[in-house]
Amino acid sequence: MSLYHDRGVVLRTHKLGEADRIVVLLTRGHGKVRAVAKGVRKTKSRFGGRLEPPCHVDLLLYEGRELDIVSQAETVDHFRTVRDDLDRLGRAVSMLEAVDQLALERQTNARLYDMLVGALRALAGQDAPLVVAGFFLKALALEGFGPQVEECVVCGSPGPLASWAIEEGGLRCGAHRQGPAVSPEAVEVLQQVLGGRLGTALSETRAPVVAEVDHLATRALEHQLERRLRSVTALHRS
Ligand SMILES: [Zn+2]
């Protein structure tokens, strides 16, 4: 078996047998990887708590056919402030779940990896309210499914944009208004996130705007994941 080195973020784990665990990671060089961590559930495990979500670890892995095997794991970042705070941990887990569904096994996606590490650091540091929404929208854009927020999806008018047409992948102007209304403040934040001004968007703290953008970003992600699930199901049926 060949041995390889990579860095990864632990997305989730599940039990395997008496003492082992399967660890699902997003690695920088090998995409999503599923690996067995032997003896990790024993009290004196050599891995300690290093292989728990959302730890960022430096890994040495044996390549297997379906499952790799963790040989060594060294901590890059525990994200202690995230793990010790239930609210932040919950928000981190929602990003880990999104990545778990978006990333493909053994297909390098260094941008997604870098974005996830960046978002976890932002959550652990300043904990801006829009870290998760920003991450969802940027991740969708990276996969080629970013909502269109600069102009109306029907007529291409720059606005003012007034409603959110998720099925059509973006915003609609006042004349073509359909679907849930979107405030001008939320439109501005969406344009900041998707227009390369994430830093500005992360300074947004007005609760109603944050709640609105959070909701829109979550719906956009769910819509995309449902669509993909349907196309996978259709593929399996045919
Ligand atoms: Zn229009």
Handout entry: All-pairs Cα distance distribution in segment 54-210, expressed in whole percent, bin size 10 Å
Key = 10, 32, 32, 17, 8, 2, 0
Completion exercise
Here the tail fraction of P(r) beyond 23 Å, over all Cα-Cα pairs of segment 89-177, rounds in percent to 38 percent
Practice task
Could you tally the net charge around D85, taking each other residue with its Cβ under 13 Å from the Cβ of D85, Lys/Arg +1 and Asp/Glu -1?
Solution key: +1
Fill in the blank from the handout: Filtered hits (lysines, Cα-Cα < 22 Å from K42, offset >= 8 within chain) -> K15
Handout entry: Two-decimal ratio, segment 40-88, of alpha-carbon radius of gyration to 2.2 N^0.38 Å
Key = 1.30
Exercise for the section: Return a whole-number percent for the relative contact order of segment 70-184, with Cα pairs under 8 Å and 6 or more residues apart as the contact set. Expected result: 16 percent
Problem - Computed [θ] at 222 nm, helices only, for the chain once each DSSP H run of length n ≥ 4 contributes -39500 (n - 2.57) - result: -12500 deg cm²/dmol
Fill in the blank from the handout: Put in order of increasing Cβ neighbours within 10 Å, starting from the fewest, H215, H56 give H215, H56
Exercise for the section: Compute the Cα gyration tensor for segment 149-190, then decide on rounded, prolate or oblate, letting a ≥ b ≥ c be the square roots of its eigenvalues: rounded whenever a/c is under 1.5, prolate when a/b is larger than b/c in the other cases, and oblate in all that remain. Expected result: rounded
Exercise for the section: Please arrange M1, M95 by counting, for each residue, the other beta carbons lying within 10 Å of its beta carbon, fewest first. Expected result: M1, M95
Completion exercise
Under 5 Å from the placed amide H of V76, counting only residues 5+ away or on other chains, we find H56, V57, D58
Exercise for the section: Please give the per residue volume of the convex hull enclosing the alpha carbon atoms of segment 140-228, rounded to a whole number of Å³. Expected result: 87 Å³
Problem - Unit charges at the beta carbon, dipole of the chain: most positive-side option, P184, Y62, Q224 - result: Y62
Problem - Local electrostatic count at E204 - Lys and Arg +1, Asp and Glu -1, tallied over other residues with Cβ under 10 Å - result: -1
Handout entry: Ranked list, fewest to most other Cβ atoms within 10 Å of each Cβ, for E97, E204
Key = E97, E204
Handout entry: Cα-based Rg / Dmax (Å) for segment 11-142
Key = 14.5, 43
Exercise for the section: Please quote Rg/Rh for segment 11-68 to two decimal places, taking the Kirkwood radius as Rh and restricting both calculations to Cα atoms. Expected result: 0.93
Handout entry: Summed side-chain charge close to I166 - residues other than I166 whose Cβ falls under 12 Å, Lys, Arg +1, Asp, Glu -1
Key = -1
Completion exercise
FRET efficiency for L3 and A141 from the Cβ-Cβ distance with R0 = 45 Å, rounded to 0.05, comes out at 0.80
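Bear in mind these aren't lab numbers, they're just calculated from the coordinates by the rules spelled out. Since we're looking at a predicted model, the values are computed, not measured. All Cβ positions, glycine included, derive from the backbone under ideal geometry; neighbour counts span all protein chains shown.
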